[in-house]
Amino acid sequence: MPEGYDNSAYISDVLNEKVSKNKMFETENGIPKTEQDRDNWGSGIEFILSCIAMSVGLGNVWRFPFIALDNGGGAFLIPYIIILVLVGKPSYYLEMIIGQFSSRGVVKAFDCVPAMRGIAIGQVICVIYISTYYSSILAMTLRYFFYSFNSVLPWSECNPAWSEPCYPSSGSSLNQTFENGTRSSAELYFLKEVLQAKENINDGIGWPILNLFGFLVLVWIMVFLILIKGVKSAGKAAYITGIAPFILLIIFLVRALTLPGSIDGIVYFFTPNWKDVLSAKVWYSAATQLFFSLNVFLGNIIMYASYNKFDHNIYRDANIVTTIDTFTSILSGCISFGIVGHLKHELKVDDIKKVFKGGPGLVFVTYPETLSKFQFVPQLFSVLFFIMLFILGMGSIIAMMTCVITVVRDQFPKVKYWQAALGYAIFGIGCGTLYITPGGQSVLGLVDHYGSTFAAFILAWFELVAFCYMYGVKKICKNLECMLGFEPGLYWKACWYAITPIIMGAIVLYTLILYEPPTDNGQDYPSVAHIVGWCITTLAVMWLPLLLVIEIIKQKKDCWIQKIKGAFLPKENWGPLKTENYAKYKEFIKND
């Protein structure tokens, strides 16, 4: 600020400049309405715990162990750590910088490159896809939690009504010989009682399962109550969602280590199959796992960081969260492989993969089967496991719901937070009903592949291109310096300039070249299902070219070349949302 210039007068001048440039900054009593309504975290610890709760979720507990097993065990950890360093950390830090600097949700954050705003719309749609099927998994988790209080765990013994070859998961008949194709009571309970599953989607999806619908409604009621006051109440909930799972994970690790045969499973987990390290598939799997585990490129990180104070130390937080997320994945891997090693020992099989089921099968079959074998109060460990699983899932779904609500309120400031939360909860119940039908797992697989994997990868690469090349790494570095007083180091710059975008581009290219359509329980989906799937992808991706064209047409320039250039330049009101921070930013760039 010029020497001798009155600070309040300078801020007033900047405020008048903001108001004149954009209606977004309409004032009331001299204060921008957007500033009046914009929440902040109660404290820095609430922010970091919320980020931990968002990133450390179901993907760490069930997806990471299965992906590791399917990609060479210990060999998977090598590319996983490398991808973390070259893609995960830089992307997480980048999104934190954009969010905190702008104090805006993911859509408004793209005011720095208006032509690419369609990326944000697509990411929000992907978040909606994920949150609706996430809630169905939480509904099943609640069902298992409540049924864990039974005097006998209902999945531990066979039910004659199932009319299928079955052995009890409690281990009471391990010395008997069973015919090929005999399945555990835990697996049959999940398929027959919980899912009431159909063979595949060709049989139709059926009607919603009544008790699961009740649990689904309960999930959304709990999410709504947590978010009713915005990030302030979400931040308070983070003390539970961000801390409690680690206490429970330590308990399960200790218990897993005491199970016979568990050490063999853990040794298998850390023993690398070196030939797999050079496999492109393993590197691709490592990148996809990290992508979903950290929750990058979905708008959630930008949204959470947007509620920070302008000078909050996000450099520290980005390093802490990404490190804890990786530690949790490895910890969960030790627990899972320890449990599976115990099952291998108990069932006397030669291949660990024969007792390891991925996806929901690990959470709702392998873990319950092991819990059934606990000799000392299995109900206690079952209750602890499923409450841990529920807390992990809640941390993620709260972040997703907050992301969508923030976008809505950024576009429509007059909508109250509780109104947006209520509307989204009702919408979530309606969409989530599809996944709690007998054919719901088939629908989930379809949406997960086309909506939250394929589309999300494409949008992720374009986001990196938009921020790193169109907006520019130099500007990002200056934004950080304006907030924290220092520029990022050479490592961060090298990743943003080249390494991270190139690796993400290679992943997208790999996905397109070696694309394989998803299967339904080992069988092909019908053609109409794939058509619906591509519509799901198109709904998320189409906004990128559509809003690009609209933004170019909107430019008030004389020729098309100028219109195109103008569409990729930051908006006139781009910068921190709060007036005092905006004034600081304007003075910073003027003196730079």
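The values are calculated or read from the model by the stated rules, or taken from the named source; none is laboratory data. Everything numeric here is computed off the predicted structure, so don't read it as measured data. Glycine gets a Cβ as well: all are built from the backbone with ideal geometry, and neighbour counts include every protein chain shown. Ligands, DNA and RNA are excluded from the accessible area calculation, which covers all protein heavy atoms including side chains. Shrake-Rupley method; radii C 1.70, N 1.55, O 1.52, S 1.80 Å.
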Gyration tensor on Cα atoms of segment 351-492, a ≥ b ≥ c root eigenvalues, a/c under 1.5 rounded, else prolate if a/b beats b/c, else oblate, says prolate
Two pseudo-spin positions, 7 Å from Cα along C-beta at ILE502 and at TYR469, lie apart in nanometres by 1.3
Given 232-238, 111-117, the highest-first ranking by average Cβ count within 10 Å works out to 111-117, 232-238
Measuring from its Cα centre, segment 265-402 shows a charge dipole (+1 at each Lys and Arg Cβ, -1 at each Asp and Glu Cβ) which, in debye to the nearest 20, is 240
Given a Förster distance of 35 Å, the FRET efficiency implied by the Cβ-Cβ spacing of SER527 and LYS354, rounded to the nearest 0.05, works out to 0.55
For segment 348-472, the percent of accessible surface on carbon and sulfur atoms (probe 1.4 angstrom, ligands and nucleic acids excluded) is 70
Over the chain, cysteine residues that find no other Cys C-beta under 4.7 Å are CYS51, CYS112, CYS126, CYS334, CYS403, CYS431, CYS468, CYS477, CYS482, CYS495, CYS535, CYS559
Most packed first (mean Cβ within 10 Å per residue), the peptides 211-219, 62-70, 245-253, 91-99 order as 91-99, 62-70, 211-219, 245-253
Checked against the positive end of the charge dipole of the chain (+1 on Cβ of Lys and Arg, -1 on Cβ of Asp and Glu, about the Cα centre), the farthest of LEU218, GLY533, VAL415 is VAL415
In Å², rounded to a whole number, the accessible area per residue of the chain with probe 1.4 Å is 40
Rounded to whole angstrom, the alpha-carbon centroid of segment 417-496 lies from that of segment 256-277 at a distance of 33
Relative contact order in percent for segment 405-523 (Cα pairs under 8 Å, 6+ apart) equals 23
With all protein chains present, segment 101-246 has a carbon and sulfur share of its accessible area (1.4 Å probe) in percent of 60
Magnitude of the Cβ-charge dipole (Lys and Arg +1, Asp and Glu -1) of the chain about the Cα centre, nearest 20 debye, reported as 960
Given the candidates ILE81, ALA455, VAL254, the one whose Cα lies deepest towards the positive end of the charge dipole of the chain, counting +1 at each Lys or Arg C-beta and -1 at each Asp or Glu C-beta, is ALA455
In nm, the gap between the two label points placed 7 Å beyond Cα toward Cβ at GLU587 and VAL549 is 4.6
In nanometres, the difference between 0.36 nm per residue of separation and the alpha-carbon distance of ASP558 and THR271 is 96.9 nm
In whole Å, largest first, the alpha carbons of the chain cover along the principal axes 89, 49, 46
Residue-normalised 222 nm signal for the chain, counting each DSSP H run of n ≥ 4 as -39,500 (n - 2.57), nearest 500 deg cm²/dmol, is -19500 deg cm²/dmol
Compactness summary of segment 505-551: radius of gyration and Dmax from Cα atoms, Å, are 14.1, 44
Out of MET394, VAL340, LEU362 - ranked by how far each Cα lies towards the positive end of the dipole of segment 334-444, with unit charges on the beta-carbon of charged residues - the top one is MET394
Sorted on mean Cβ neighbours within 10 Å (highest first), peptides 488-501, 395-408 come out as 395-408, 488-501
Note: segment 122-263 at 4 °C, 1.567 mPa s; Kirkwood Rh on alpha carbon pairs; Stokes-Einstein D in µm²/s works out to 70
Between TRP155 and residues 5 or more places away or on another chain, the pairs with built amide H atoms under 5 Å apart involve none
Dividing the mean separation of Cα pairs under 8 Å (6+ apart) by the residue count of segment 218-374 yields a relative contact order in percent of 33
Diffing segment 215-225: the Karplus 3J(HN,Hα) column from phi (6.51, -1.76, 1.60, θ = phi - 60°), in whole Hz with x for Gly and Pro, holds 5, 4, 4, 4, 4, 6, 5, 5, 4, 4, 5
Diffing segment 502-517: the Karplus 3J(HN,Hα) column from phi (6.51, -1.76, 1.60, θ = phi - 60°), in whole Hz with x for Gly and Pro, holds 5, 5, 5, x, 5, 5, 4, 4, 4, 4, 6, 5, 9, 4, 10, x
Given backbone amide H placed at 1.01 Å from N, residues whose amide H is under 5 Å from that of ARG183, ignoring those fewer than 5 places away on the same chain, are CYS166, TYR167
Between ILE81 and ASP203, the two model label points (7 Å from Cα along the beta-carbon direction) sit apart by a distance in nm of 4.6
Which residues qualify? For ASN273, with a placed amide H closer than 5 Å and at least 5 residues away or on another chain, they are GLY74, ALA75, PHE76
Yeah, segment 254-313 with a ≥ b ≥ c from its alpha-carbon gyration tensor (a/c under 1.5 is rounded, else prolate when a/b outruns b/c, oblate otherwise) is oblate
For segment 489-568, the percent of accessible surface on carbon and sulfur atoms (probe 1.4 angstrom, ligands and nucleic acids excluded) is 71
Here the gain from full extension of PHE376 to LEU210, 0.36 nm per residue of separation minus their alpha-carbon distance, amounts to 56.5 nm
